[in-house]
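For reference, the structure discussed in these notes is given below.
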Amino acid sequence: MSGSGGTRQLFALAATVLMIMASVPAGTIPASAAAGNAGNTALIDSGDRSDQAIDGPPVVLKWQAITTIENLTAESNRLAAARDRARSRLNDSFVYYQGPTRVTDQHLFVEDAVGLRALAAFDGTGQDERLQRIVTLVARADNRSARQVIRAAENAFAATEDRLGPGITNSAEAHIDNARRQLDRTERIRERAQNQEGARYIRTMARAVRQYGVALNQARTALRLIDRETSPDVTLTRRVDPIRNGSKRTPYTLTGRVTDPTGLDTVNVTATINDDRTVPLSLRGGYTNASFGTTINLSERVNTIEVRTIRSTDSQQSKRGNGKQKGKKKGKRKGRRRGNGNGGGEPPGRSQESRASTVVLRLDGDGLPDTYERNVTGTDPLDPDSDSTLTDDDEADNGTIDAYEDFDADGLDNVDVNVIPQPYNEVVVYNMRENGWNTGPGNLFRKKKFRQGLGCAIDKQTLVQGVFRDYANVEYTWQPRWSRWYPSDADMMEFGTGELYGQEAAQSRIEEAIADTDYSYDSNGNLLNPSGDQCTITLYHSAGQNTERSMAEFIAQEFEDNAGIVVEVNAIQGAQFANEYWAQEIPENADELEWSNGQYNAGPRDEATSANGWDMTVVFGLNTYPLNPLAGEVFFQKDSFYNPYGYYPSWDAKDLFEQANAAESTDELEDIFSEIFVNIAEDQPMGMLAFPSGRSGYASDIVGPAENFFSGWNFPGWYREE
């Protein structure tokens, strides 16, 4: 779902890289560096020809190569011409990039190979180290780009094989196999180069670089074949229909996901409201998977929203950047449909209309999602007071909206439902121990600013409304608002709301956290690890818990949209997670550690870990102890008996809790607790999300139940009103 590459010759190197980083058109799914860096061989990269570490996405490596070429000393006109030719050819190759890794045409590798061959003229000039660095940079960059496209073809084939016809299946599979063979052949060429020196070594490596292009071309041909048989698919991740009467304009958050198996073409997404207003939707994510989220204003109670994707083909959107053609090849290509260098243009008869995908959301302000009305209640999703097809009675226009109707005639329409606040929270816990943050070196969860950035990535109000259907309250710190100890008068940071929510709020804090590391953001807002891969982490939820699963999926979507981090959501049995992930293994040298307080804090986070690594979890909710917050101090002490996540507070938690234990008055205790909970909100030891509410139903003539945490204390005195 990428945009096209550049469409003009770029001369200045700095302008080239900036152009590449910003070249993805609006309305497309931008490029990701995530797939471009795995599986690289170390043949040339780790040899004895260069002792300087080289890393980063291909466009950065290429930029470094050109910079090094500019530093070559040319003592003759011949060498100066060779240097200029090498620099020009590598510079020309930038027009074939879509983002930092993905390449659209094998001509990039031709340009690179010609550029490298020009450097053979410098053999014997005493600049071996610089020459080695240039060859290393270009070979590594092209290796990553070729492998990225081959993996994309493999993944697209695996995802669509059951939808392809036998002819396309056989052809695509053959091209992918051929791409692998060509890649193996390239590595053999590189192996031979390791035993060579000087100009011969450079020419052999240039041959290997050109061969990468052959492998890429085979993979792109497979992608184009698959592309002919598939279309992008759009789904909505939120269909909630809040109760409203349409008397005033109401904002509505529209969220969803778009998938495109090949990711070759630009995908434009629009939302049309009631057939009279269309708004474009911006996509964020990778080539094949992206998400959207926008707020639209609804002025009517009943609304039909049609979300539509249209895929534009490469043949319509992409042309060769510098338009160069030579000799007979130009004539041979005349009249052909052109893709991105693989000869696979739009197949005859394949119209733009057939490449569209549509999903419709129906809202009538009755409190029931449209899918629930169609599949469960049998009511009209475009009529808030409609008749059910599942009953004999006619409930239409009886003054009761569909959400409140007693369709099963069990007499419970006269039941009072009390919503009871609870002290148990929903949190996303970050693993700050040594086996957490498994997407790169270090553990970013340990950085306060990073955790704050994650806190800014989740829209807590939408979580409460969409996942918990408003039967929950937003959580900002380790106390519910109804607690007497809640710091209502304090200046407390409320992450996930207002100015402390959104991409800018999240990424600005994360950028501050990673300033002293090799992590970085690319131009598409994706967080990259030092190897140039997009950061991908895991999130565990309890198997069979639908609400918990929905919450995990919402967190994953928000982290990808706002923090640029891909989250893989995994289901697991709660007992298994507790035993194999949450609890640590007791180290053999436990008596030598600074502390070792049992399986839930077996030692310092660098010394004691669980049997299995993990990144995040929503399996467990915790008690905030609003009646006695002192009981919660175990969650915030690094050496307490309960610290499975390895949190070390950046504030003096031990001293403040000791002060609270020694307080001699309620006023003194309120001041101390206020400081504690303000610190917890700022430090973000875990992602504090929501307090789900309990719900209890009573016959409306029962006197006694109350909508508060203490309801039921006087249960023996409840009675039925006569």
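The values are calculated or read from the model by the stated rules, or taken from the named source; none is laboratory data. Predicted model, so just to flag it, every value in this text is computed and none were measured. All Cβ positions, glycine included, derive from the backbone under ideal geometry; neighbour counts span all protein chains shown. In case anyone asks, the SASA skips ligands and DNA or RNA and just uses the protein heavy atoms, side chains included. Shrake-Rupley method; radii C 1.70, N 1.55, O 1.52, S 1.80 Å.
Over segment 550-600, accessible surface divided per residue gives 47 Å², non-protein components excluded, 1.4 Å probe. Label sites at SER665 and VAL634, each approximated as a point 7 angstrom past Cα along Cα to Cβ, lie 3.2 nm apart.
Assuming R0 = 51 Å, what is the FRET efficiency of ARG188 and SER76, from their Cβ-Cβ distance, to the nearest 0.05? Once the sixth-power term is evaluated, E becomes 0.90. Across all C-alpha atoms in segment 429-525, the radius of gyration and Dmax reach 15.5, 46 Å.
Local charge for ALA120 was computed over the other residues whose Cβ lies under 9 Å away, with Lys and Arg +1 and Asp and Glu -1, and equals +2. Let me know the shape class of segment 571-722, please: from the alpha-carbon gyration tensor, a ≥ b ≥ c as square roots of the eigenvalues, rounded when a/c is under 1.5, otherwise prolate if a/b is greater than b/c, or oblate. Taking the square roots of the gyration eigenvalues as a ≥ b ≥ c, segment 571-722 is oblate.
For the peptides 370-383, 679-692, the ranking by packing is 679-692, 370-383, with the highest mean count of neighbouring Cβ atoms within 10 Å listed first.
Placing ARG102, ARG210 in order of accessible area, with the largest value first and a 1.4 Å probe, yields ARG210, ARG102. Between the C-alpha center of segment 678-697 and that of segment 79-143 there is a gap of 54 Å. Spin-label pair ASN546-ASP655: with each label point 7 Å from Cα along the Cα-Cβ axis, the two points sit 5.1 nm from one another.
The overall shape of segment 655-722 is oblate: from the C-alpha gyration tensor, with semi-axes ordered a ≥ b ≥ c, the ratio a/c is 1.5 or greater and a/b is no larger than b/c.
Net length available on complete extension from ASN612 to SER299 is 107.5 nm, with 0.36 nm assigned per residue and the Cα-Cα distance removed.
I need the calculated FRET efficiency for the pair TYR404 and ASP701, taking r as the beta carbon distance and R₀ as 22 Å, to the nearest 0.05. Walk me through the numbers before you get to the answer.
Values: r = 19 Å, r/R0 = 0.84.
Here the calculated transfer efficiency is 0.75.
Residues in segment 152-274 average 41 Å² of solvent-accessible surface per residue, probe 1.4 Å, ligands and nucleic acids excluded.
Could you tell me the calculated FRET efficiency between GLN503 and ASP394, based on Cβ-Cβ distance and R0 = 51 angstrom, to the nearest 0.05?
On the way: r = 49 Å, r/R0 = 0.96.
Step by step, r from the Cβ atoms, then E = 0.55.
Basic side chains Lys and Arg get +1 at the Cβ, acidic Asp and Glu get -1 at the Cβ, and with that the dipole of segment 617-667 about its Cα centre reaches some 300 debye. Among 285-294, 647-656, the peptide with the highest mean count of other Cβ atoms within 10 Å heads the list, and the full ranking is 285-294, 647-656.
On full extension, the segment bounded by GLN576 and ASN623 gains 14.8 nm, given 0.36 nm per residue less the C-alpha separation.
Looking at segment 524-683, what % of its DSSP beta bridges pair antiparallel, to the nearest 5? Could you put the intermediate results ahead of the total?
Working: 2 of 11 bridges.
Of all bridge pairs located within segment 524-683, approximately 20 percent are antiparallel.
Given just the C-alpha atoms of segment 64-192, how large is their convex hull per residue in cubic angstrom? Intermediate values should be presented prior to the final figure.
Details: hull volume 13.9 nm³, N = 129.
Once divided by residue count, the hull of segment 64-192 is 108 Å³.
Quick check for you: which residues of segment 640-664 have the amide N under 16 Å from the point 7 Å beyond the Cα of GLU594 toward its beta carbon? Counting only backbone N, you get 640-655.
Count the net charge of all other residues whose Cβ sits under 13 Å from the Cβ of GLY687, scoring Lys and Arg as +1 and Asp and Glu as -1. Spell out each step's value before the answer.
On the way: positive: ARG451, LYS460; negative: GLU426, ASP459, GLU475, GLU558, ASP615, ASP683.
Around GLY687, the surrounding residues sum to -4.
State the extension gain, in nm to one decimal, for the chain segment bounded by GLU721 and VAL419, taking 0.36 nm per residue of separation less the distance between their alpha-carbons. Present the calculation step by step, with values, prior to reporting the outcome.
Numbers: separation 302, 0.36 × 302 = 108.72 nm, distance 2.12 nm.
Residue separation times 0.36 nm, minus the Cα-Cα distance, leaves 106.6 nm.
Shape analysis of segment 572-653 places it in the oblate category; the axes a ≥ b ≥ c from the Cα gyration tensor give an a/c of at least 1.5, with a/b not above b/c.
Between TRP713 and GLU434, the distance separating the two model label sites (each 7 Å from Cα on the Cα→Cβ line) works out to 4.9 nm.
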